[in-house]
Amino acid sequence: MYDTLRPLLFRLDPETAHHLTLGLLKWAGDLPATRELLRAMFDVQDERLAVRAFGVHFKNPIGLAAGYDKNGIAVRGLAALGFGHIEVGTVTRLPQAGNAKPRVWRVPESRALVNRMGFPNNGMQNIRLPRTDARLGVNIGKGRDTPLESAAEDYIALLQAFHAHADYIAINVSSPNTPGLRALQARDAIEPLLRQIADARAALSPRVPLLVKIAPDLSDDEIDGIVQAARDVAFDGIIATNTTVTRAGVPAYAKQWEGGLSGAPLRARSTQVIRHIAAQTRGEFPIIGVGGVSDAASALEKLHAGATLIQILTGLVYRGPRLVREINEALLRENLSQPKWVLHPA
Ligand SMILES: Cc1cc2nc3c(=O)[nH]c(=O)nc-3n(C[C@H](O)[C@H](O)[C@H](O)COP(=O)(O)O)c2cc1C
């Protein structure tokens, strides 16, 4: 079905195509009959796929990465596609419009996207999140107009708003499209930031897992500093990685656009970051692996590198929802012969 739909969608500008797809998923997810149809087509239900990570049970290890459903409007439809988890956001404290359009571009030869969205979203007070069988992550970010010195206040307000509605909270300090945001990853900035967020979490019940999402464009030392800081303040895991500001693996025309590159050209680097973190932490710190997963092989690569869960976004745009089923079916086959990808079985 997506083979017929994709050429039509690809004739539209990427953001229009995305709104259309998300609207369809919202509509199909809100009606029981179409929701069950999606489930019958895409959802693989098998207990052998279940994974436990940071105390949370996931029905399978494949999630939807942040940025696809920024306001959580289509969670029911997305859950029916068979995702084990859905990360909504990035959500900011106040509504914001994001950068001027156009702000998303396709690079089809490279199976990649470039985006400089800048966190357009409805703001935390206008977001309602339903419960489904998919676990829900909420990715939170500093507002564009919030000075870096006050970033912790934004994250804490967002944590307080969503802790009771989320299975985990992702602290986004790695988007290239909010000026200054990635400076929060610096060694001197990250520890106090994560500590203040962890302290705020301690006052909340139930305890919600906290993860930090990092950029791929960091040195090993910088990665080690963030992981160490996260572990020191009792964070629960790391999401590796966000989009890259490098342009390796894309044709010259794609270098004119500012923003983050995602999809196939990011695959190797993000797997490298996952492998590095898994080695440094002896596999004891949960990793959600994301970047360039587009088929079963690229999904298994990340799980074998040490990710407990994986996420997709650009792969979904190029391959459609069959990708979720394809990976889950491959994991079942793999798990029967070599159950080594499950580091933290349910
Ligand atoms: C259009 C678009 C919007 C995105 N928005 C967000 C976002 O709001 N917050 C975030 O943490 N990551 C965002 N991302 C990054 C993805 O969550 C993911 O980390 C990255 O795209 C790599 O995965 P992929 O290669 O499977 O797309 C966005 C990516 C794209 C392509």
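Averaging the sequence gap over all C-alpha pairs within less than 8 Å and six or more residues apart, then dividing by the number of residues, gives the chain a relative contact order of 18 percent.
With charges only on Cβ, +1 for K and R and -1 for D and E, what is the dipole size of the chain about its Cα centre, in debye, rounded to 20? Please list the in-between numbers first.
Working: 40 positive and 34 negative charges, 132 e Å.
Dipole of the chain, to the nearest 20 debye: 640 debye.
Count neighbours as other Cβ atoms within 10 Å of each site's Cβ, and list the trypsin sites (Lys or Arg not before Pro) in the stretch 25-54 that are DSSP loop with at most 11 such neighbours. Within the stretch 25-54, no trypsin sites (Lys or Arg not before Pro) qualify (loop, at most 11 other Cβ atoms within 10 Å). In this simple spin-label approximation, Gln256 and Ala40 carry label points 7 Å from Cα along the Cα→Cβ vector, and these lie 4.7 nm apart. What value, in deg cm²/dmol to 500, does the helix sum -39500 (n - 2.57) over DSSP H runs of n ≥ 4 give at 222 nm once divided by the residues of the chain? That comes out to -11500 deg cm²/dmol. When +1 charges are put on Lys and Arg Cβ atoms and -1 charges on Asp and Glu Cβ atoms, the dipole computed for the stretch 250-318 relative to its Cα centre reaches about 140 debye.
Could you order the peptides 325-334, 179-188, 58-67 from most to least packed, using the average number of other C-beta atoms within 10 Å per residue?
On the way: 325-334: 18.4, 179-188: 16.1, 58-67: 25.9.
Packing order, densest peptide first, comes out as 58-67, 325-334, 179-188.
Spatial offset of the stretch 124-150 relative to the stretch 254-317 amounts to 22 Å, using the alpha carbon center of each.
Computed from the coordinates by the stated procedures, all read-outs in this text should not be read as laboratory data. Just so we're clear, the structure is a prediction, and the values are computed from it rather than from any experiment. Because the Cβ atoms are built from the backbone with ideal geometry, glycine has one as well, and the counts that use them run over all protein chains shown.
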